[in-house]
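Working notes for the structure below.
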Amino acid sequence: MRIRRDVLQGMIDHARRESPIEACGFLAGRDDTVDRLIPATNEWKSAAGFWVPVPELFDLFRSLRSERLALLGIYHSHPGSAAVPSQQDRELFFYPGVSYWIVSLGTNPPDIGCFTWGKMDFERTEYVVLL
C-alpha cells in the first residue's frame, strides 16, 4: 500500500479538528496508491466509535464511479487510545477488501496504523509514504 504524504497529513489534520470525537472518512485512488482523502461525518458524534450516514455512502460510491476511482481505505481516529482496532472496530467492519487506517492522537506525533482484514482479524500492514 502506498499513500501520498498530503493524504496522510490530511487524516491527522481531520482527526485533530474533530477531537474529542472520532473523525472518519475514506481513502481512494488507483491500483495500490491512495491519493484522495474524503472526510465523512461521524453520525454518532462519539469519542468511542463512528458511523457514516447512509446518504453519504451513496454519494461516495457515486462519486468514485464517476471519477473511476477505487475505494482503497477507510480511516478513523482514536482520540485517546492506541492506533489498533478496538473490539467495536472488528464488529462493525463491513469492507474486508480495503485497508483500514487508525490515527491515534494519544501520542505526539500521532501514530498511524494501517490494517487489512485477515482470515479472522485485522493484520497490521506496512505502507509507503509518497511525496
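The values are calculated or read from the model by the stated rules, or taken from the named source; none is laboratory data. Bear in mind the structure is a predicted one, so any value in this text is a computation, not a measurement. Every residue, glycine among them, receives a Cβ derived from its backbone with ideal geometry; neighbour counts consider all protein chains shown.
Summary of computed values
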{"quantity": "Residue selected from the range 47-66 under the condition within 17 Å of the chain's Cα centre (by Cα) and aromatic (Phe, Trp, Tyr), by the criterion surrounded by the fewest Cβ atoms within 10 Å (Cβ to Cβ)", "calculated": "Phe61"}
{"quantity": "Check on Asp13, surrounded by 14 or more Cβ atoms within 10 Å (Cβ to Cβ), out of contact with any Ser or Thr (no Cβ under 7 Å at 6 or more places or on another chain) and without any contact (Cβ under 8 Å) to a residue 24 or more places away in the chain", "calculated": "yes"}
{"quantity": "Boolean, Leu8 is under 13 Å from Ile74 (Cβ atoms), at pLDDT 95 or above and not in a loop (DSSP other than H, G, I, E, B)", "calculated": "no"}
{"quantity": "Ile3 vs. criteria more than 20 Å from Arg90 (Cα to Cα), β-branched (Val, Ile, Thr) and in contact (Cβ under 8 Å) with a residue 24 or more places away in the chain", "calculated": "yes"}
{"quantity": "Failed condition for Asp31, given (1) surrounded by fewer than 14 Cβ atoms within 10 Å (Cβ to Cβ); (2) modelled with pLDDT of 95 or more; (3) more than 26 Å from Ser104 (Cα to Cα)", "calculated": "(2)"}
{"quantity": "Failed condition for Ile21, given (1) over 11 Å from the mean Cα position of the chain (by Cα); (2) within 22 Å of Arg65 (Cβ to Cβ); (3) among the aliphatic types (A, V, I, L, M)", "calculated": "(2)"}
{"quantity": "Failed item, numbered, when Glu91 is tested on (1) at pLDDT 95 or above; (2) exposed (fewer than 15 other Cβ atoms within 10 Å of the Cβ); (3) farther than 16 Å from Gly113 by Cβ", "calculated": "(1)"}
{"quantity": "Positions within the range 94-124 being surrounded by fewer than 16 Cβ atoms within 10 Å (Cβ to Cβ) and not in a strand (DSSP E or B), in sequence order", "calculated": "Phe94, Tyr95, Pro96, Gly97, Gly106, Thr107, Asn108, Pro109, Gly118, Lys119, Met120, Asp121"}
{"quantity": "Residues within the range 16-28 that are over 18 Å from Gly113 (Cβ atoms), surrounded by fewer than 16 Cβ atoms within 10 Å (Cβ to Cβ) and touching a residue at least 40 places away in the same chain (Cβ under 8 Å), tallied", "calculated": "1"}
{"quantity": "Some residue of the range 67-81 being charged (D, E, K, R) and farther than 17 Å from Asp31 by Cα", "calculated": "no"}
{"quantity": "Boolean, Ile74 is of a type in the set (Val, Ile, Thr), surrounded by 19 or more Cβ atoms within 10 Å (Cβ to Cβ) and within 11 Å of the chain's Cα centre (by Cα)", "calculated": "yes"}
